[in-house]
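Undergrad: Below is one structure. I have some questions about it.
The values are calculated or read from the model by the stated rules, or taken from the named source; none is laboratory data. This is a predicted model, so every value here is computed, not measured. Cβ atoms come from the backbone with ideal geometry, glycine included; neighbour counts cover every protein chain shown. For accessibility, only protein heavy atoms count, side chains too; no ligands or nucleic acids. Shrake-Rupley method; radii C 1.70, N 1.55, O 1.52, S 1.80 Å.
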Amino acid sequence: MCGIFAYKGNKTNGAEIVINGLKKLEYRGYDSWGVAYKCDNEVKIYKEVGKIGEFDFNRSKEKLGFDKKCTLAVGHSRWATHGGVTVANAHPHASQDKTIAIVHNGIIENYLELKENLVKKGYEFKSETDTEVIAQLIQEYKDLGLVEGIKKALSMLEGRYAILVISDSDDLLIAARRGSPLIVGAGKDEHFIASDIPAFLEYTRNVMYLDDNQMVIIDNKATFIDLETDREIKKRIVEIDWDTESAEKGEFPHFMIKEISEQKDTISRAINQDPEKIMEIVEEINNAFGTYLIGCGTAGKVCLAGSYLFARIAEKHVNTAFGSEFPSLQQFITDKSLIIAVSQSGETADTLEAIEVAKKKGAKVLSIINVEGSTMDRISDFSIHIKAGPEKAVASTKATTAQMAILTLLAYGCAGKLDEGKFLLLDAASNINDMLNPRYEAHLHKLAEKIKDFESMYVIGKGLNYPMALEAAIKLQEVSYIHAEGFAGGELKHGPIALISEGTPCIVLVGKDETENEIISNAMEIKSRGGYIIGVAPDNHELFDYWIKVPESGNASPIVNIIPIQILAYQLAVLRQNNPDMPRNLAKSVTVK
Ligand code: M6R
């Protein structure tokens with residue numbers, strides 16, 4: 001949540017570098033943005049409401065002073081938490097004496113109490129944010145020097161933060177983190193600090209990860225400090241193997257459709273894992289006494305699908321909980337339990353909190369994540385990287401199916417049938433390759449045209465396809481803004497069927513297994529009440545008003561069935577003139593609780 005980015009080096013267009021880099025982090029928050037840059041020993045701030053992606057740097061650089069020589073700059077693209085979307089609440093925030101500028105990602109829980117004390121001391125606040133409190137606190141302790149003043153201010157904060165600070169008197173870029181991601185990019189005679197790697201990928205692939213309760217001070221080198229012991233620490237440089245193209249849209253109009261199309265390759269890439277490592281993890285699952293799958297949003301739906309997959313394939317009971325709910329279920333966790341955390345970003349605050357809770361009880365943690373080096377990756381006992389490449393559209397697509405593929409593989413591993421699982425998934429991957437063609441997309445576009453003006457739609461599934469009905473609904477909601485809900489087919493008659501009226505679009509996800517007849521009966525119940533039945537199924541059925549053919553894929557059917565829904569959601573978003581990459585009110589990585 002919120003993208004932050006800073007530059008310090010020997011290039012003199014620091015403000016431009018920061019603005020361009022922030023555009024690549026816009027998926028993290030896009031309601032307002034701002035930059036603070038140092039020129040002529042003065043810190044200047046510029047901020048705006050709106051998307052940074054729409055800002056034309058070249059047209060405005062002279063007017064706004066961005067063309068002045070500047071080798072130190074910080075910027076922020078905001079997803080509002082404290083205070084509405086206004087220029088005053090946009091970051092950076094300055095101290096009262098305007099000598100210090102700060103950007104922040106996270107939430108300071110005790111900011112009201114700190115603010116009250118500062119107000120008593122005569123500080124005036126210009127925004128409603130928690131962040132401004134940090135800037136004022138640093139000013140309050142300025143006599144200690146910038147670095148010590150920041151340390152003192154940080155010691156008073158409760159909550160989570162990633163902050164970047166610059167001041168007019170020191171030629172330093174200072175950053176610190178507790179709970180929100182920060183990565184340092186090390187170039188030749190220059191450093192970058194960002195909440196995600198794509199911001200600086202065009203300049204360097206050499207990165208150092210800042211961990212919780214650590215600070216980095218950049219002059220012409222990067223010095224890392226452990227804030228708990230106040231000692232210097234050494235960091236390892238990690239080379240990132242992402243290419244710049246994978247983080248760009250290329251010829252596609254949006255990241256979402258690019259990422260959907262990449263599923264031609266991502267599933268086979270995901271399952272291309274070291275079999276020994278997979279079997280080591282399988283052993284952990286088989287030996288654990290109590291296993292919990294934990295994730296949020298789409299990853300949470302993937303976890304629920306995981307419970308079904310482990311039950312069906314390996315006859316294994318694996319619990320599922322949303323990250324935010326897990327703390328209320330922790331009583332059952334012991335040092336023999338295993339937590340399987342599923343996350344694209346590896347930075348979701350609710351999932352991280354669940355992991356912390358489980359670790360305190362001595363449980364082991366396996367993470368299934370996309371972003372290597374993310375917090376989850378580093379705090380887990382084991383990690384499986386799904387290798388989907390950067391996923392930038394807010395709506396998760398390729399990461400979802402890659403996570404599903406890994407859970408399917410693990411379930412087959414637990415059943416002692418790893419190779420069978422691999423073949424099944426490779427077959428599904430090749431079927432997806434065949435599906436993703438312009439004719440298929442045109443067929444879905446025709447459907448999108450038909451249903452684009454409806455206010456509500458429903459999705460039903462049964463067995464393995466029930467979690468996918470929930471996932472289909474979230475996909476439709478977040479980019480089309482049509483009210484969509486997913487149900488277990490059998491649950492309809494217990495209430496939701498009252499929502500069906502003449503013409504209501506209802507998507508039915510059909511698996512060619514023992515659930516097929518029942519889900520078709522459920523669809524009939526909807527049809528009898530006037531519902532418009534959209535069947536996602538290997539075979540056509542007279543009851544379908546619109547048939548979306550999917551290849552027969554056995555236990556991989558949830559992976560295959562979600563693909564047309566992703567395309568449909570994308571097309572509905574475009575037809576309804578929504579930006580599918582940056583849906584309203586959302587952000588890609590939810591790093592606040
Ligand atoms: O990065 P994570 O996978 O942990 O993110 C979890 C959810 O925030 C995420 O899946 C969200 O629900 C997506 N926008 C859904 O498409």
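Undergrad: Using Cα-only point scatterers and the Debye equation, what is log10 of I(q)/I(0) for the chain at each q in 0.07, 0.10 Å⁻¹, rounded to two decimals?
TA: Treating every Cα as an identical point scatterer, log10 I(q)/I(0) equals -0.44, -0.87.
Undergrad: I've got another one for you. Subtracting the Cα-Cα distance from 0.36 nm times the residue separation, let me have the gained length for Lys126 to Asp40 in nm, one decimal.
TA: 28.5 nm
Undergrad: Beyond a 22 Å Cα-Cα separation, which of these cross-linked pairs lie in this structure: Lys234/Lys277; Lys115/Lys152; Lys126/Lys593; Lys361/Lys417; Lys234/Lys360; Lys8/Lys47?
TA: Violating the 22 Å limit, Cα to Cα: Lys234/Lys277; Lys126/Lys593; Lys361/Lys417; Lys234/Lys360.
Undergrad: Based on the Kirkwood radius over alpha-carbon pairs, what value in µm²/s does the Stokes-Einstein equation return for the translational diffusion coefficient of segment 179-229 at 37 °C and 0.692 mPa s?
TA: Value of D from the Cα-based Kirkwood radius: 290 µm²/s.
Undergrad: Leaving ligands, DNA and RNA out of it, report the carbon-plus-sulfur percent of the accessible area of the chain at a 1.4 Å probe.
TA: Carbon and sulfur atoms account for 47 percent of the accessible area of the chain.
Undergrad: Also, I was wondering about something else. Starting from a Cα-only point model with no solvent, please compute log10 I(q)/I(0) by Debye for segment 208-286 at q = 0.15, 0.23 1/Å.
TA: Cα-only, vacuum Debye calculation for segment 208-286: -0.89, -0.99.
Undergrad: Nearest 5 percent is fine: what portion of the DSSP beta bridges confined to the chain is antiparallel?
TA: Of all bridge pairs located within the chain, approximately 60 percent are antiparallel.
Undergrad: Then there's this: Within segment 368-456, report the GluC sites (Glu not before Pro) that DSSP leaves as loop and that have at most 13 other Cβ atoms within 10 Å.
TA: Passing sites in segment 368-456 are Glu455.
Undergrad: Here's something else I'd like to know. When only alpha-carbon atoms are used, what values of Rg and Dmax, in angstrom, describe segment 239-376?
TA: 16.4, 50
Undergrad: Using the Cα atoms of segment 3-246, I'd like the radius of gyration and the largest Cα-Cα distance, Dmax, both in angstrom.
TA: According to the Cα coordinates of segment 3-246, Rg and Dmax are 16.5, 52 Å.
Undergrad: Using a simple charge model, +1 on the beta-carbon of Lys and Arg, -1 on the beta-carbon of Asp and Glu, nothing else, what dipole does segment 3-246 show about its Cα centre, in debye to the nearest 20?
TA: 280
Undergrad: For the chain, with the dipole built from +1 on Lys and Arg beta-carbon atoms and -1 on Asp and Glu ones, taken about the Cα centre, which of Tyr111, Pro496, Gly306 lies farthest toward the positive end?
TA: About the Cα centre, the residue reaching furthest to the positive side is Tyr111.
Undergrad: How big is the dipole moment of segment 254-435 about its Cα centre under a simple scheme where the beta carbon of each Lys and Arg is +1, that of each Asp and Glu is -1, and everything else is neutral? Debye, nearest 20, please.
TA: Using only the charged Cβ atoms, the result is roughly 200 debye.
Undergrad: Any idea what angle helix 398-414 forms with the longest principal axis of the chain, computed on alpha-carbon atoms, 0 to 90 degrees, nearest 10?
TA: Approximately 60 degrees, to the nearest ten.
Undergrad: Related question: Hey, could you grab the Kirkwood Rh for segment 437-583? Inverse mean 1/r over distinct alpha carbon pairs, Å, one decimal.
TA: Answer for segment 437-583: a Kirkwood hydrodynamic radius of 14.9 Å.
Undergrad: Calculate for the chain the 222 nm mean residue ellipticity that helices alone would give, adding -39,500 (n - 2.57) per DSSP H run of length 4 or more and normalising by residue count, nearest 500 deg cm²/dmol.
TA: That calculation yields -11000 deg cm²/dmol at 222 nm.
Undergrad: Give me the extension gain from Leu112 to Ala88: residue separation times 0.36 nm, minus the current Cα-Cα distance, reported in nm with one decimal.
TA: Residue separation times 0.36 nm, minus the Cα-Cα distance, leaves 6.9 nm.
Undergrad: Rounded to the nearest 5, what % of DSSP beta bridges with both residues in segment 12-113 are antiparallel?
TA: Counting only bridges with both partners in segment 12-113, antiparallel ones make up about 95 percent.
Undergrad: Then there is this: Against the longest alpha carbon principal axis of the chain, how many degrees, from 0 to 90 and to the nearest 10, is the axis of helix 418-435 turned?
TA: 90
Undergrad: Further question on the same structure: Output the relative contact order of segment 437-583, whole-number percent, from Cα pairs under 8 angstrom with separation of 6+ residues.
TA: Across segment 437-583, relative contact order equals 28 percent.
Undergrad: May I ask you to list the trypsin sites (Lys or Arg not before Pro) in segment 207-271 that are in a DSSP loop and have at most 10 other Cβ atoms within 10 Å of their Cβ?
TA: When the trypsin sites (Lys or Arg not before Pro) of segment 207-271 are filtered for loop state and at most 10 Cβ neighbours within 10 Å, Lys221, Lys234, Arg236 remain.
Undergrad: Going down the table (Lys68/Lys221; Lys462/Lys588; Lys512/Lys549), which pairs top 19 Å between alpha carbons?
TA: With Cα atoms farther than 19 Å apart: Lys68/Lys221; Lys462/Lys588.
Undergrad: Select from Gly34, Leu210, Tyr546 the residue farthest towards the positive end of the dipole of the chain; place +1 on Cβ of Lys and Arg, -1 on Cβ of Asp and Glu, and compute about the Cα centre.
TA: Positive-most Cα among the choices belongs to Gly34.
Undergrad: Here's another thing I want to ask about it. Could you tell me the center-to-center distance, by alpha carbons, between segment 194-223 and segment 318-349 in angstrom?
TA: One Cα centre to the other: 29 Å.
Undergrad: Once the piece of chain linking Lys249 and Arg439 is laid out straight, how much longer is it, given 0.36 nm per residue of separation minus the C-alpha distance between them?
TA: Answer, rounded to one decimal: 66.2 nm.
Undergrad: Based on the Cα coordinates of segment 1-55, what is the per residue volume of their convex hull in Å³?
TA: Cα-based convex hull of segment 1-55, divided per residue, equals 77 Å³.
Undergrad: If you don't mind, there's one more thing I want to ask. Which ³J(HN,Hα) values, rounded to whole Hz and listed in residue order, are derived for segment 169-186 from phi using the Karplus coefficients 6.51, -1.76 and 1.60 in 6.51 cos²θ - 1.76 cosθ + 1.60 with θ = phi - 60°, glycine and proline given as x?
TA: Couplings: 9, 10, 8, 10, 10, 10, 9, 8, 9, 8, x, 10, x, 8, 10, 9, x, 10 Hz.
Undergrad: I would also like to ask the following. Please give me, ordered by residue number, the trypsin sites (Lys or Arg not before Pro) of segment 75-158 that lie in loop per DSSP and have at most 10 other Cβ atoms within 10 Å.
TA: Passing sites in segment 75-158 are Lys121.
Undergrad: Okay, next question. Taking the Cα of Lys446, stepping 7 Å toward and past its beta carbon, and measuring to each backbone N in segment 490-527: which are under 16 Å?
TA: From segment 490-527, the list is empty.
Undergrad: After finding the eigenvalues of the alpha carbon gyration tensor for segment 534-577, what semi-axes result from the square roots of 5 times each, listed largest first in whole Å?
TA: They are 21, 15, 5 Å, listed largest first.
Undergrad: Any idea what angle helix 131-140 forms with the longest principal axis of the chain, computed on alpha-carbon atoms, 0 to 90 degrees, nearest 10?
TA: 20
Undergrad: May I pose another question? Mind checking which of Asn517, His483, Gln136 is farthest towards the positive end of the chain's charge dipole, using Cβ charges of +1 (Lys, Arg) and -1 (Asp, Glu) about the Cα centre?
TA: Going by the charge dipole, the pick is Gln136.
Undergrad: Would you mind giving the average projected area, over all directions, of the Cα convex hull of segment 121-176 in nm² with one decimal?
TA: 4.2
Undergrad: For the chain, with only Lys/Arg (+1) and Asp/Glu (-1) charged at the beta-carbon, what is the dipole magnitude about the Cα centre, in debye rounded to 20?
TA: 620
Undergrad: Note down the relative contact order for segment 147-270 as a percent, whole number, built from C-alpha pairs under 8 angstrom at least six residues apart.
TA: Computed value for segment 147-270: 17 percent relative contact order.
Undergrad: If you average the sequence gap of Cα pairs under 8 Å that are 6 or more apart and divide by the length of the chain, what percent do you get for the contact order?
TA: 12
Undergrad: Using a 7 Å offset from the Cα along the Cα-to-Cβ direction at both Lys69 and Val49, what is the distance between the two label points in nm, to one decimal?
TA: In this crude spin-label approximation the distance works out to 3.8 nm.
Undergrad: So, for the chain, what is the accessible surface per residue at a probe of 1.4 Å, expressed in square angstrom?
TA: 39
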